Amino acid sequence: MNLVKISWKYLTFKPLSTSLNILLLALGLAIITMLLLVQDQFEDTVSKDAEGIDLVVGAKGSPLQLILAGVYHVDFPTGNIPMKEAKALLRNRLVKAVIPMALGDNYKGHRIVGTNHDYLSLYSVSYAEGKAWEYPFEVVLGAEVARKEGLKVGDSFEGSHGITEGSHAHDEHAFQVVGILEPSGKVTDRLVLTSIESVWFTHDEESESTDDETSVDQSTGGESSEDKDSRADESHESHDAHEVHEDHHHDQVAGSGFPEGSEDRELTTLLLQYRSPMAAVQLPRLINSRTSMQAASPSFEMARLFELLGVGVKLLQGLAIILIVVAALGIFIALYNSLKERKYDLAVLRAIGASRGQLMGLIFLEALALTWLGALLGLLLGHLFLAGLLSFAEQGITASISPWVFLEKELWIIAYATGVGILASLIPAFTAYQTSIAKQLTKS
């Protein structure tokens, strides 16, 4: 007697009811699957991106915004900070290291980050090809940037003002790709990295161009040939001076610390490492109270963010549990009603030699078939739902989340579904066990 074949025949006898119960269970398990994937990978990504960063310093504003912009590069910077105050932190006995950054531009939505070579060391990057930048306007691309934009070493491109795609382009000077990083699953995968001077010079040239246009617009008469020659000479001298400036920064090995001779400049963010545990207590308070800057701890701010997100996660978990409970009730009702209709069939099975245990096993097999189908469909839908959501956020912090990673925790989803099926089938199975051959055959 093939119990598996018999139980499958009973399930397919009412396809609409069977499909509805499977779908309800699958939707609940799909939500749980998606939450597991996001929570596991998101927390891992957040942890890896902030590893080695004890404190972030920037302009006063929202501490969380400062962390999101300075560490994860997914928000607008809070503003700029003066170079003089930034350099003063290097002399503080509580500070072990400072990594400066200049932000504010993008390439097709990918952030252009002006920094030094210490930033590359912080994330222990390795190169798929090329090397680190040496001159201003040389860039190193993250693996995701190079893949999505089809760039390789030797290619050039123009950046755009602002941190979102669609703003006006900086066409005064093109960036040249000198290196491409290996994929690491870290924030560097989605960044365009260059020297701080590159960001400064880009905006200097834009400012000079704007000033020249304003001067021409305000003039009341035409320009004489002498004026044109004079302006051309000045432009040539300015270009020569710019080349000298580039050579100077190359000689000092661009990226080896704060750029020299730039006291009147500004930075956007500083990444700090503590020299001792005491710094965690004293340094943030010192910066926030005695300087025009603010300090924020990545671990503290992200813990607050997870706490805020936890409310939404619990609501989704609650919805998933409700769907699973409804599915379990549906399975129970379907089995119980089906049992009433099949009492004569069960009595016949007993008459031809089936034991009470086999009748119980038949009911359990039906319930397990329903729940396993629901679990497998739920796992598939969970991954598909996540893939759909991630397709709308390819350049954010979620870019490192993969919808097609299988976690060991997902095995518990199948175990959970099995438990739901067994619970839903206990009463119908016990009823089948008590089936009386004589009573049922006499009624017929």
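The values are calculated or read from the model by the stated rules, or taken from the named source; none is laboratory data. Just so it is clear, the model here is predicted, and its values are computed rather than measured. Backbone-built Cβ (ideal geometry, glycine too); neighbour counts: all protein chains shown.
Points to keep in mind about this one:
Listed here are the residues, each with its yes/no results for (1) within 14 Å of residue 301 (Cα to Cα); (2) assigned by TED's automatic domain parsing to the domain that holds residue 321; (3) modelled with pLDDT of 90 or more.
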position: 29; (1), (2), (3): no, yes, yes
position: 36; (1), (2), (3): no, yes, no
position: 42; (1), (2), (3): no, yes, no
position: 60; (1), (2), (3): no, no, yes
position: 69; (1), (2), (3): yes, no, yes
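- Only residues that are free of Cβ contacts under 8 Å to residues at least 60 places away in the same chain and under 17 Å from residue 156 (Cβ atoms) were counted in the range 132-144, giving 3.
- Test for residue 254: is it of a type in the set (A, V, I, L, M), at pLDDT below 90 and in contact with a Ser or Thr (Cβ under 8 Å, 6 or more places away or on another chain): yes
- Identity of the residue in the range 54-100, in a helix (DSSP H, G or I) and in contact with a helix residue (DSSP H, G or I) (Cβ under 7 Å, 6 or more places away or on another chain), that ends up surrounded by the fewest Cβ atoms within 10 Å (Cβ to Cβ): 64
- Of all residues in the range 37-53, exactly one satisfies the criterion of being part of a loop (DSSP other than H, G, I, E, B) and among the charged types (D, E, K, R), namely 51.
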